[in-house]
1. Rounded to the nearest 20 debye, what is the charge dipole size of the stretch 30-186 about its Cα centre when +1 sits on each Lys and Arg Cβ and -1 on each Asp and Glu Cβ?
2. In square angstrom, what is the accessible area per residue of the stretch 126-197 with a 1.4 angstrom probe?
3. According to the square roots a ≥ b ≥ c of the eigenvalues of the Cα gyration tensor, what is the shape class of the stretch 112-196, taking rounded for a/c under 1.5, prolate for a/b larger than b/c otherwise, and oblate for the remainder?
4. Keeping every protein chain in place, order ASP186, ASP45 by accessible area at 1.4 Å, biggest value first, i.e. largest first.
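The values are calculated or read from the model by the stated rules, or taken from the named source; none is laboratory data. Source: prediction; values computed, not measured. Positions of Cβ are backbone-derived with ideal geometry, glycine not excepted, and every protein chain shown enters the neighbour counts. Side chains included, ligands, DNA and RNA excluded: accessible areas come from the protein's heavy atoms. Shrake-Rupley method; radii C 1.70, N 1.55, O 1.52, S 1.80 Å.
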Amino acid sequence: MNTDPETPVLSGRRRLEPAARRAEILAAARRLFGEGTYASVSTSDIAKAAGVARPLINHYFGGKRELYLEVVRQMMIVPAPVIENLPDTTAEERLAISVRHWIEVVERNEQAWLTAIGPEAVGRDPDIERIMLEGDEIAADRVLAAALMSDVTEGREELRAMIRSYGGMLRAASREWLVRGTLGRDELRVFLTDSILHLLRVTYPAVLATRSAGRTPPASSPSSA
């Protein structure tokens, strides 16, 4: 008996390597979940859109839920190559390039992005919440790498907390752009770039100064004599 998972692929489809086939299924799922909702999209719909037989969904992902979670993860987590391939230039330029890339990715996958950050996804499913938190942690590391600040030690946890908070603002700003139409694409780019630069160049040093001031003994204390 032939147990090759590629056997049931629809007739006329070329045989692909597992990674390529998996990517095709993910692309189809991202498009369909973006156009509809989790409840409205079936594994049969995804299989048809990807040009594969339904058993391949289970073979590569385990089922509809696992596939949906992978779509959310793909949208939430900035790929490492984006940061690794940044040019050897200033932190300002590297951050500007990173913001432009993020906007381009969201623009290409608008509906999938809105589905991933929408009310159906956020605050109701602990697995999706975990992916969001994981994405924020990874994003913090990659923002620091883009800004050439990976080796920062003083106030590192506070800085990472501020970058994670910036991630929440970024998601809200994307809704202003894509849903409400109150920000244009270029306005969004300037807003996000200037905001992260201000956070790193102004807010972070101010927080460090506040911490240092808090450690300074009051003038009237015995230790200040």
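1. Working: 20 positive and 25 negative charges, 148 e Å.
In debye, rounded to 20, the stretch 30-186 gives about 720.
2. Working: 3570 Å² over 72 residues.
In whole numbers, the stretch 126-197 has 50 Å² accessible per residue.
3. Details: a/c = 2.72, a/b = 1.24, b/c = 2.19.
Because a/c hits 1.5 or more and a/b fails to exceed b/c, the stretch 112-196 counts as oblate.
4. Working: ASP186 95, ASP45 70 Å².
Descending order: ASP186, ASP45.
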